[in-house]
């Protein structure tokens, strides 16, 4: 997304010559992690009643829109597929209810809109699975986005390296981000439903192949709107480092559109090592992992592991009898 005038022959990504190189994703948090994540549940009878009302509404609705703009034309409505039912877990419904401050009608409208958006965007599964690894693979040739390691609370870390840009601004860049976000959800361990977003604005000339400009405010608002509206309560922590003045200006313009809940999760220019154990953190940020992005090594392995995790989840879904409202803790058993 951003480029800042460094010579292409400079190598600014830090390695440790005495450590073995790592180019593959970590499939799970460290086995010796002392943190045991727990999924948030209802806290009182009123919340329980609203959850049950939301569950009944979804079960009683025979079909849902396939596009956000449908004008209630029933030709634009279809029944849920099994992957959508699995997505509509107990915790999913609760995330939408909490994001709407337990206003039931608002939460109903929002989750229906998200179902339509997911179908239209191609991440709903079944016939609505047009957003693929192969489709966005060219966007990640320089490793400008990477899921790597877990933070101290077992959240998968999604890195955005804005100084590794390789393509011009396009809709495919947004597709790439959403694809990686979906993959981060697949990489969440049992009991965890949030991710750690790590954004580094430093330019790495050895990886950057395209000099880009700060995206338009409209693009920033579009991406922010998608994340806040369709992925409620998925952000556990957001870390921004190496922020140049021009990006500070961009962030200040976007900041008013960030909800208060998200603002509480954001840290600016605080070292990643304060939130991520050295065993999970690249040497470049003071960790112990000698991370070197190799597209041919990383990408296929990364996708394969995510596919295996998702397939296991769907097997668990079938074993549990299927349907809406299953526990993500049960769905993630053995993953």
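Here are the numbers:
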quantity	calculated
Helix-only [θ]222 nm of the chain, DSSP H runs n ≥ 4, -39500 (n - 2.57) each, per residue, nearest 500	-11500 deg cm²/dmol
Candidates 278, 37, 244: whichever shows maximal mean-square fluctuation once the chain is modelled as a Gaussian network with Cα springs under 10 Å	244
Cα shape, the chain, gyration tensor, a/c 1.5 rule	prolate
Relative compactness, the stretch 126-235, computed as alpha-carbon Rg over 2.2 N^0.38 Å	1.08
Gain on full stretching of the segment that runs from residue 229 to residue 19 - 0.36 nm per residue minus C-alpha separation	71.4 nm
Length-normalised contact order of the chain in % [C-alpha pairs under 8 Å, at least 6 apart]	26
Packing-based order for 308-315, 86-93, using average beta carbon neighbours within 10 Å, highest first	86-93, 308-315
Most mobile listed residue (141, 206, 38) in the chain, GNM with C-alpha springs under 10 Å	38
Extended-chain gain in nm, criterion 0.36 nm per residue less alpha-carbon gap, residue 40 and residue 182	49.1 nm
Gyration tensor (alpha-carbon) shape descriptor, the stretch 24-117, a/c threshold 1.5	oblate
The stretch 51-120 and the stretch 132-169: distance between their alpha carbon centers, rounded to Å	29
Dimensionless Rg/Rh of the stretch 182-325 - Kirkwood Rh, Rg from C-alpha atoms	0.99
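Just so you know, all these numbers are worked out from the coordinates, no wet-lab data involved. Since this is a predicted model, take the numbers as computed values, not measurements. Heads up, the Cβs are rebuilt from the backbone with ideal geometry, glycines too, and the neighbour counts pull from every protein chain shown.
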